[in-house]
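Engineer: First the structure, then my questions, so here it is.
The values are calculated or read from the model by the stated rules, or taken from the named source; none is laboratory data. Keep in mind the model is a prediction, meaning the values are calculated, not measured. No Cβ is skipped: glycine too gets one built from the backbone with ideal geometry, and neighbour counts run over all protein chains shown. Only protein heavy atoms, including side chains, enter the accessible area calculation; ligands, DNA and RNA are left aside. Shrake-Rupley method; radii C 1.70, N 1.55, O 1.52, S 1.80 Å.
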Amino acid sequence: MEKILIVDDDHAVYRSLAIHIKRMGCEAVWSNCMAEGLAEVEKHAYDLVLLDVHLPDGCGLDAISTIRRAASQPEVIILTGYGDVNGAEVAIKNGVWDYIQKSASPQEVALSLKRVVEYRKEKVEQPSKAFALKLDGIVGDSAPMQACYDQLARAASGDANVLLSGETGTGKEIFARAIHTNSSRIPANMVVVDCAALPETLIESLLFGHEKGVYTGADKARDGLIAQADGGTLFLDEVGELPLPIQKVFLRVLQERKYRSVGGRCERSSNFRLIAATNRDLDAMVAAGTFRSDLLYRLRTIAIELPPLRDRTTDIAKLVTHYLSVISERCGTAIKGVSPDLMETISAYTWPGNVRELINALETAFSNACYESTLYARHLPQDIRLQVIQCSLESGSHSGPAHSDGSGRIEIGGAFPAELTTFKAFRKAAIFDIEKQYLKALLDKSDKRLDQSLDISGLSRSRFYDLLKQHNLSL
C-alpha cells in the first residue's frame, strides 16, 4: 500500500485529501508543520508528500530538496492557496511532480495523485539499474550539485541532446566529459568545439571538412570535427556564438546526422551524440532574433543548469582540499596546510568567476607561498583580499542595518547590538540585511517588474529568484 504524507496546517484540507487518497487504496498521514513533516520522511518511507507552501514554521518550498533526498525518495506535489509564478519556478527546478492551487477541482488533484501512484508502482516493478558515476574532477555534495548529478546520470544513460547552461567557470566542459565518460560512447572520441574561437571564414571547413583543391592551400582532403566525432560525442562549447547561417546548416545536421564537406558532392553520415554549453541566455537571444528557436529546441532535449559557486558555498572547503592536492601533485611538492584566515577570506568572497576563479586563486596562493608550508590569506590575489576587506568595512564601519529612504538609495544606520557576536557572524547578518533592503528598494524602483529589476540589478533571472526566495520576497 502506497503511503502519502500531507503537510498542511489546515485539518480541513487534510480531511478532503484523505478521502481521495483512501479511495485510491492508499494510506494518508497528516503533519501540521514543516518540522513534523521532515521528521516523518526521515523516520518512515513515503511515496508522495503533498506539501503546503505557507506553513507555521517556514516556507514549504525550502523543504523540497530535503524531502527529495530522504531514503524513500518520495515525489512531491506542492499545494498552495496562492498562485505564485516565482514559487512555481523554484518548485519545478527542485524536482517537484506538480504545483497545484488548492482552488483546483477535486478531479484535477485526484488525477495528479493517481499518476504519481502509478509511477511509483512502475518503479517498484521495474527498478532502475544503479551504477556508480565517474565524477573525475567534479567536486561537491551540496543539494544543488546532487540535483545536477541526478540529471547527469539520466543524461548518461541515454543518447539525447544535452544543453548545459551556467555562468562562466561553473564547469560545463567537465560535466560534458562526465556525461561522455559515463555513457555507452566512452570507447569513441569526445570532440570539443569552441564556437567562440571559430573563425567565421573557416567554420564550415572546420566542422564539415573539405575536399582537395576547394580553395587555396587545400592541398589534400581533410575530415571535419563532425566526422571525428562519429560514434562518440560532439561538444559545442559556447554554442550561442555560432553565426546564424551556420545555425541553419547545423540544424539539418542534427536532424539527419548527415552533412556535406566543403566542395564535396556526396553526403556523409556521422553518428555523434551532441552536448552543447552556453553561459548566455539563449531564450533572450531567440527573442532578439540572434539564435534560432528551432535549433534551441533541438539542443535542449535535456537541460542541465549548473549552479554558481555562491549558491553552493558548503562545497568550498572540499574544492580547496581537492585542488590544492592537484596543484601539489603537479608541482611535485608536499601538500600545504591551510590557515583559518584563508578559509574565512575564501568563504566571504562572492566568486563571480566561480570554480575557475577559485582554482586560479589557489594557484596564485600556492605560488606566493613558495617554500612556506601553510597558506594564509595574505597569499591570495590582492583583488580578492581587497574586495573582502572593503565589504567588511562597509558592513562594519557603519552603525547598523541598511534601509531605503524610498528614493531607491540604500542608507546604513542604527546601533550595534548590545551583545557582539563573532565578526564573521556579524558580517553575514549585516550583508543579509543589506541584500534584503536592496531587493525591497529594487522592487519599489521597478514597480515589481521582472525585466526592469534584472536591467537595474544586473542579476541573472535564476539568481534574482533565488534571492527573492532567501529573503521571503515576491514579485
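Engineer: Under the condition of being exposed (fewer than 15 other Cβ atoms within 10 Å of the Cβ) and in contact with a strand residue (DSSP E or B) (Cβ under 9 Å, 6 or more places away or on another chain), which residue from segment 242-260 is farthest from Ser184 (Cα to Cα)?
Structural biologist: Residue satisfying both the conditions and the ranking: Arg252.
Engineer: For residues in segment 1-26 being part of a loop (DSSP other than H, G, I, E, B) and out of contact with any helix residue (DSSP H, G or I) (no Cβ under 7 Å at 6 or more places or on another chain), which is modelled with the lowest pLDDT?
Structural biologist: Top of the filtered list is Met1.
Engineer: Now, a different point. Under the condition of being of a type in the set (S, T, N, Q) and free of Cβ contacts under 8 Å to residues at least 12 places away in the same chain, which residue from segment 102-116 is least open to solvent (accessible area, probe 1.4 Å)?
Structural biologist: Ser105
Engineer: Can we say Asp451 is modelled with pLDDT of 75 or more, farther than 30 Å from Thr278 by Cα and of a type in the set (Asp, Glu)?
Structural biologist: When the stated conditions are applied, Asp451 does not pass them.
Engineer: Please find, within segment 327-353, the residue that is most open to solvent (accessible area, probe 1.4 Å) out of those that are among the aliphatic types (A, V, I, L, M) and part of a loop (DSSP other than H, G, I, E, B).
Structural biologist: Here the residue is Ile335.
Engineer: Given (1) open to solvent by 30 Å² or more (accessible area, probe 1.4 Å); (2) in contact with a Pro (Cβ under 6 Å, 6 or more places away or on another chain), where does Thr66 come up short, assuming only one miss?
Structural biologist: Against the list (1) open to solvent by 30 Å² or more (accessible area, probe 1.4 Å); (2) in contact with a Pro (Cβ under 6 Å, 6 or more places away or on another chain), Thr66 comes up short only on (2).
Engineer: Consider Val192 carefully, then state whether it is touching a residue at least 12 places away in the same chain (Cβ under 8 Å), open to solvent by 10 Å² or more (accessible area, probe 1.4 Å) and more than 26 Å from Asp281 (Cα to Cα).
Structural biologist: Here the answer is no, as Val192 does not meet what is asked.
Engineer: Would you please name the residue that is surrounded by the fewest Cβ atoms within 10 Å (Cβ to Cβ), looking only at residues in segment 273-290 that are over 21 Å from Ile186 (Cβ atoms) and hydrophobic (A, V, I, L, M, F, W, C)?
Structural biologist: My answer is Ala288.
This table checks each residue for (1) open to solvent by less than 60 Å² (accessible area, probe 1.4 Å); (2) of a type in the set (Phe, Trp, Tyr); (3) out of contact with any Lys or Arg (no Cβ under 9 Å at 6 or more places or on another chain).
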residue	(1), (2), (3)
Ile4	yes, no, yes
Ile19	no, no, yes
Lys22	no, no, yes
Ala28	yes, no, no
Asn32	no, no, yes
Glu40	yes, no, yes
Ile78	yes, no, yes
Tyr99	yes, yes, yes
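Engineer: Taking segment 188-207, which residues are under 25 Å from Asn271 (Cβ atoms) and in contact with an Asp or Glu (Cβ under 9 Å, 6 or more places away or on another chain)?
Structural biologist: Listed by number, the residues that qualify are Ala188, Asn189, Val192, Val193, Asp194, Cys195, Leu198.
Engineer: Quick one: which residue in Ser293, Ser270 is among the polar types (S, T, N, Q), surrounded by fewer than 20 Cβ atoms within 10 Å (Cβ to Cβ) and at negative phi?
Structural biologist: Ser293
Engineer: May I ask you to verify whether Arg154 is closer than 30 Å to Ser72 by Cα and either hydrophobic (A, V, I, L, M, F, W, C) or open to solvent by 30 Å² or more (accessible area, probe 1.4 Å) (or both)?
Structural biologist: Answer is yes for this residue.
Engineer: While we're on this one: Scan segment 454-475 residue by residue and report those that are at pLDDT 80 or above, open to solvent by 10 Å² or more (accessible area, probe 1.4 Å) and part of a loop (DSSP other than H, G, I, E, B).
Structural biologist: Passing the criteria: Gly458, Leu459, Leu473.
Engineer: For segment 277-290, does any single residue satisfy the condition of being in contact with a strand residue (DSSP E or B) (Cβ under 6 Å, 6 or more places away or on another chain) and either more than 29 Å from Asn182 (Cα to Cα) or at pLDDT 95 or above (or both)?
Structural biologist: yes
Engineer: Can you pull out every residue in segment 380-400 that is in contact with a Phe, Trp or Tyr (Cβ under 8 Å, 6 or more places away or on another chain) and at pLDDT 90 or above?
Structural biologist: Correct list: Ile384 only.
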